[in-house]
1. Treating the angle as unsigned and between 0 and 90°, give the value, to the nearest 10°, between the Cα long axis of helix B:236-256 and the longest Cα principal axis of chain B.
2. Taking each residue in A:87-94, count the Cβ atoms of any other chain within 10 Å of its Cβ, then average. What number comes out?
3. Using only Cα atoms, find the angle between the long axis of helix A:110-123 and the longest principal axis of chain A, and express it within 0 to 90 degrees, rounded to the nearest 10.
4. In debye, nearest 20, what is the charge dipole magnitude of chain B about its Cα centre with +1 on Lys and Arg Cβ and -1 on Asp and Glu Cβ, if you could check?
5. For the range A:18-26, just list the computed ³J(HN,Hα) in residue order, Karplus coefficients 6.51, -1.76 and 1.60, θ = phi - 60°, integers in Hz, with x standing in for Gly and Pro.
6. Using 0.36 nm per residue of separation minus the Cα-Cα distance, give me the extension gain between B:Lys280 and B:Thr114 in nm, one decimal.
7. Just for the Cα atoms in the range A:8-144, what are the lengths along the principal axes, largest first, rounded to whole Å?
8. Evaluate peptide B:6-18: per residue, the Cβ atoms of other protein chains within 10 Å of its Cβ; return the mean as an integer.
Amino acid sequence: MSAILEVKGLEAWYGLTKALHGIDFEVAEGGITAVLGANGAGKTTTLRAVCGMVKRQGEIRLGGQRIDGKATEDIVRLGVAHVVEGRGTFTALTVEENLQLGAYTNLGDKRKVQEDLERVYRYFPVLEERRRQQAGTLSGGQQQMLAISRALMLRPRLLLLDEPSFGLAPLTSQEIFGIMRTINEEEHVSMLLVEQNAQTALDLADTAYLLETGTVVVSGDAERIRDNDVVRRSYLGY
Amino acid sequence: MDVFLQQVVSGLAAGGIYASLALALVMIYQSTEHINLAQGEMAMFSTYIAWTLIDAGIPYWIAFVATLVISFIGGVLIERLIIRPVENAPVLSLVIVFIGLLVIFNSLAGWIFTYTIKPFPSPFPESPISVGNVVLSPHSLGAIGVTLLILLLLFGFFRYTSLGLAMRAAAQNPVSARLVGIRVAWMLALGWGLAAAVGAVAGMMVAPVIFLDPNMMGGVLIYAFAAALFGGITSPGGAVFGGFTIGVVEALAGTYVPFIGSELKLLVALVIIVGTLLIKPTGVFGKAVVSRV
């Protein structure tokens, strides 16, 4: 299987503090890769580094093309959608305006945007009911649905997901993970998933990496990682 | 009663001009949280450009549109070339840059066009219109009309076009805006361009009344500040409301409060600025910005 995202020797900094110390990982075309780790291990930084939101160095290839020198908005235009931690909702805009912004790079094509709106409303019907509502007034779970939907409006090749289950009720979280599986299977969107909930993440992913203080300590098939003693004891708790 | 109506109408006419300039201030404040102290001088310079075009024999409305286009481009260039390099500088440095811009435009205008006061034409007829005992100047009515039209166009642009939506998104949440592919830096430049164009309208509408000279916008800018603060510096609608209110209050105070007269009118604006900051710092329509620390 060829890789949609190949990362080699990725380092990242916040000011003078180094947060990633040269990590390597891949996301297979149509696959789901999970990045696991404790707080402060560098999971969020990894996603930020991929789409140029922090100072970074190393080789990042999207479908073979180098993107490590590009600005965030250009990486987005190449088809990388990022669902940030905290969801990044445009709180003062309506639900539908948020979704339209997701399709900003092809807003000219009204038919396509309409089609995509219908498509995400099929996944999350509650958003259609609330399309005229101010997005900041949605519940946490609905805002997460909105964030994922906004990312889908881009018709991404690669979806970066930062803690999609964070702060959600278990049922809502389960629903969202179910829909992500559907999106992956039916639309073949590749995903790079950062999760604290290792169990959920390993169920969804085919490949996983375990980060500790900015370094990859364990990597491989999701199945094998699940059986790894370190992971089981520290992150799965049995 | 007639005097009262007369003053209200002339207050509204002046208010429309304050509203335009206040709107220009709000547009830049909303996207960058900076008050452009040079907004008035930029408007004055635009008005000189219009004057030059009209003086060269170009019909008024063509010169009007050309001035808007030139001002827009000028605003974009100022943002890209002068403001961009100091974007992340401390606020005091920025204030110095804005004051620098103010002085540069003022001196440049004086140098190129001299400090001699020049008449500036109005596109509207000269003979006053009488409604009952109230005499209306067509220019005042026209200025109110032009102001309202510009506001309506801006509202439509921000509300119904995808570029307007992108500009609102960039102002509200720059990080998320970049993550949907919006070129945030260009949106700021665009905001400066639009503000410069709106300011140019204010300049061209006020110049026939107060005449054209490099210092013409000094007083107007203070009224515009008062309008923006009173209406709420975060609210475009508030700025417009503030503009018209300040215009009317200023006209009425000048007529009915004996010691104010026409000399102390500017004091009214300052009282409103201080009063707003003391009693309701967010203004009538402004939103308090709460941020987590």
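FYI, it's all coordinate maths here, none of it is from the lab. Quick caveat: nothing in here was measured; it's all calculated off a predicted structure. When we count neighbours, we look across all protein chains shown, and the Cβ atoms used for this are built from the backbone with ideal geometry, even at glycine.
1. 30 degrees
2. Per-residue shielding by partner chains comes out at 4.
3. Taking Cα atoms only, the helix is inclined about 70 degrees.
4. Numbers: 11 positive and 10 negative charges, 197 e Å.
Value, rounded to 20: 940 debye.
5. Couplings: 7, 10, 10, 10, x, 9, 10, 7, 9 Hz.
6. Working: separation 166, 0.36 × 166 = 59.76 nm, distance 4.21 nm.
Length difference between fully extended and current span is 55.5 nm.
7. 45, 31, 27
8. Working: counts 0, 0, 0, 0, 0, 0, 0, 0, 0, 0, 0, 0, 0.
Shielding by partners across B:6-18 averages 0.
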